[in-house]
Amino acid sequence: MTVTLDRNVEAFIGTPRQMFINGQWVDAASGKTFETPNPATGETLARVAEGDAEDVNRAVRAARAAFDGPWGRLTPSQRGQVVWKIGDLILEHVDELAQLESLDNGKPFLVAQAADVPLAADLFHYMAGWATKIEGNTIDISVPYMPGANFHSYTLREPIGVVGQIIPWNFPLLMAAWKLGPALTTGCTVVLKPAEQTPLTALRLAELIAEAGVPDGVVNVVPGYGKTAGAALAAHDDVDKVAFTGSTEVGKLIVQAAAGNLKKLTLELGGKSPNIVFDDADDGAIEGAANAIFFNHGQCCVAGSRLFVQESRYDEVVDGVAEIAKSIKLGSGLDPTTQMGPLVSDEQFTRVTGFLESGKADGATALAGGGRFGDRGYFVEPTVLTNTRPDMKVVREEIFGPVVVAEKFTSLDEIAAEANDTTYGLGAGIWTKDISKAHALAKKIRAGTVWINCYNVFDASLPFGGYKQSGWGREMGHEVLNNYTEVKAVTTLL
């Protein structure tokens, strides 16, 4: 049994997809296209225009003209209404967008339907309200070297300009919303490059953005490869800012590319998040620990991939997580009974299975899983590794798959040091009935998000981002407005 495809979805994937530049659907300047595969089968799902530097140039010119023209002339209230309309249109097409996301990414349709698509709409709705609330300040200044002089000084918060946005493949629609919502709300214009593995929902979203009344050139979508379209966007001298979500390795390349014109950057990068279960945690911690790592097939930057359990509960918790791992049903995202779909691509499948082989070669034991599932598509078994050491690759490096390493700990001070023993600092989880202990540990952990007795809780009003090599800046909440605005001080001698 599978979900019956929406007729619009069948038509969408059955037609070669162009790129969206200056309000028009156009072929790549080179005429090239690329295949986006169905990760459940490995077969071609659709063909998409392959953007490169010339297409990025066309899109940036369109974005600059729109920034200097019609978009900049809208009032904040008008901008907010348009952004709100995008959210409404997403909700009108929930099933269609969820099916596209499931086909292209592999995630279960029911998960995309219940979470990814509604959260994307909510982000636009939340951000729409900020359009009329971007404010400056009046400052009563004192100038010691000009005694007796009176001044009127104030600040303005203005849109940063043309923004290049590069989004990942793990939450394609949601990450597009996280980037586009605040950029449009603040009055910026955008060139968006979706991941080459998952371009379809970004292209469908572009159609909805046009339907919402966003002027031509304000949002441009250029699919293509990171080494060509992405690199050209990051290095472009007429792009004022780049917002990137992806691996720390690629984030460092973005930093180098942006140096040419010292464009502003925000980076939401990798993680190796600790998930800490104390001996007084309730039984829900076992299911919580499993969800922390197996949610979205482990392809989540905040995945609770390092499980630390206090000694007296270690066997119970780790065995419980392993039993849950063994019970998870893998299959096509369009099968309503599927709990975990495939990894996104052959490249990702090779990466994750390579880590599994490395871990076992180094002496780790697979208490559950440990290899490929089936003989078709990019499926990897949910895996629990024990007998690991802090120096192992599976413990140190981000795997980005359904693989958790489990270790024991004894005390709060010990676990704080172990939790922070990583180059990353994106997320963390704490499970205990002692709330004072939980808050004491939360202060010690160097991470942008700490969940207590829960995990993977996201909301448009909560800032999200990381410490250390997990990135720069914050997504969502009012904090994200700082990413897309410049502050101007104005002083008048009275």
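Odds and ends about this structure:
- When peptides 404-414, 2-12 are ranked by their average number of other Cβ atoms within 10 Å per residue, the highest-first order is 404-414, 2-12.
- Accessible area per residue for the range 19-114, computed on protein heavy atoms with a 1.4 Å probe, is 40 Å².
- Straight-line cross-link partners of LYS85 among the lysines, defined as a Cα under 29 Å from its Cα and at least 8 positions apart when in the same chain: LYS107, LYS133, LYS179, LYS193, LYS241, LYS264.
- Here the Kirkwood formula puts the hydrodynamic radius of the range 189-296 at 16.7 Å, using every distinct Cα pair.
- Size of the chain: Rg and Dmax of its alpha carbons, in Å, are 23.5, 82.
- Stretchable slack from CYS454 to GLU418, in nm (0.36 nm times residue separation minus alpha-carbon distance): 10.9 nm
- Sequentially through the range 51-65, phi angles give Karplus couplings (6.51, -1.76, 1.60; θ = phi - 60°) of x, 9, 4, 5, 5, 4, 4, 4, 5, 5, 4, 5, 5, 5, 5 Hz, Gly and Pro residues having no value and appearing as x.
- Surface share of carbon and sulfur [accessible, 1.4 angstrom probe, percent] for the chain: 51
- Qualifying GluC sites (Glu not before Pro) in the range 135-223, DSSP loop, other Cβ atoms within 10 Å at most 14: GLU135
- The slack in the chain from THR2 to TRP472, taken as 0.36 nm per residue of separation less the alpha-carbon distance, amounts to 165.1 nm.
- Tail fraction, Cα-Cα pairs, the range 146-192, threshold 14 Å, whole percent: 60
- 10 Å-binned pair-distance histogram of the range 338-469 (Cα, whole percent): 11, 34, 36, 17, 2
- Proximal lysines relative to LYS443, as straight alpha-carbon distance under 25 Å, when same-chain residues fewer than 8 apart are discounted: LYS272, LYS408, LYS433, LYS468
- Accessible surface for the range 338-494, divided over its residues, is 44 Å² per residue with a 1.4 Å probe.
- Whole-Å distance, taken between Cα centres, linking the range 225-295 and the range 331-361: 20
- Scaling against 2.2 N^0.38 Å puts the C-alpha radius of gyration of the range 232-276 at 1.32.
- Peptides 484-491, 47-54, 219-226, 142-149 ranked from most to least packed give 219-226, 47-54, 484-491, 142-149, packing being the mean of other C-beta atoms within 10 angstrom over each peptide's residues.
- Descending semi-axes in whole angstrom, ellipsoid equivalent of the range 266-345, from the Cα gyration tensor: 24, 19, 8
- Integer Hz, Karplus 6.51/-1.76/1.60 couplings in order for the range 94-107, x for Gly and Pro: 4, 5, 4, 5, 5, 5, 4, 5, 5, 5, 7, 9, x, 5
- Each other residue within a Cβ distance under 9 Å of VAL26 adds +1 if Lys or Arg and -1 if Asp or Glu, for a net charge of -1.
- If R0 equals 22 Å, the separation of the Cβ atoms of ARG389 and THR410 corresponds to a calculated FRET efficiency of about 0.80.
- Gained length - GLU211 relative to ILE139, 0.36 nm times residue gap less alpha-carbon distance: 21.7 nm
- Per-residue ³J(HN,Hα) for the range 356-369, Karplus 6.51 cos²θ - 1.76 cosθ + 1.60, θ = phi - 60°, Hz, x for Gly and Pro: 4, 5, 4, x, 5, 5, 7, x, 5, 10, 8, 6, 8, x
- Annotation: amide H-H contacts under 5 Å for GLU475 (H modelled 1.01 Å from N, sequence separation of 5 or more, or interchain): PHE464, GLY465.
- Ordering of 374-386, 84-96 by burial proxy (mean other Cβ atoms within 10 Å per residue, highest first): 374-386, 84-96
- The range 8-149 - convex hull of alpha carbons, volume per residue in Å³: 201
- FRET efficiency, VAL255 to ASP68 (Cβ-Cβ, R0 30 Å, nearest 0.05): 0.60
- For VAL3, the residues whose modelled amide H falls within less than 5 Å of its own, excluding neighbours fewer than 5 places apart on the same chain, are ASP335.
The values are calculated or read from the model by the stated rules, or taken from the named source; none is laboratory data. None of these values were measured; they are calculated from a predicted model. Ideal geometry is used to build each Cβ from the backbone, glycine not excepted, and the neighbour counts take in all protein chains shown. We work out accessible area using only protein heavy atoms, side chains counted, and drop any ligands, DNA or RNA first. Shrake-Rupley method; radii C 1.70, N 1.55, O 1.52, S 1.80 Å.
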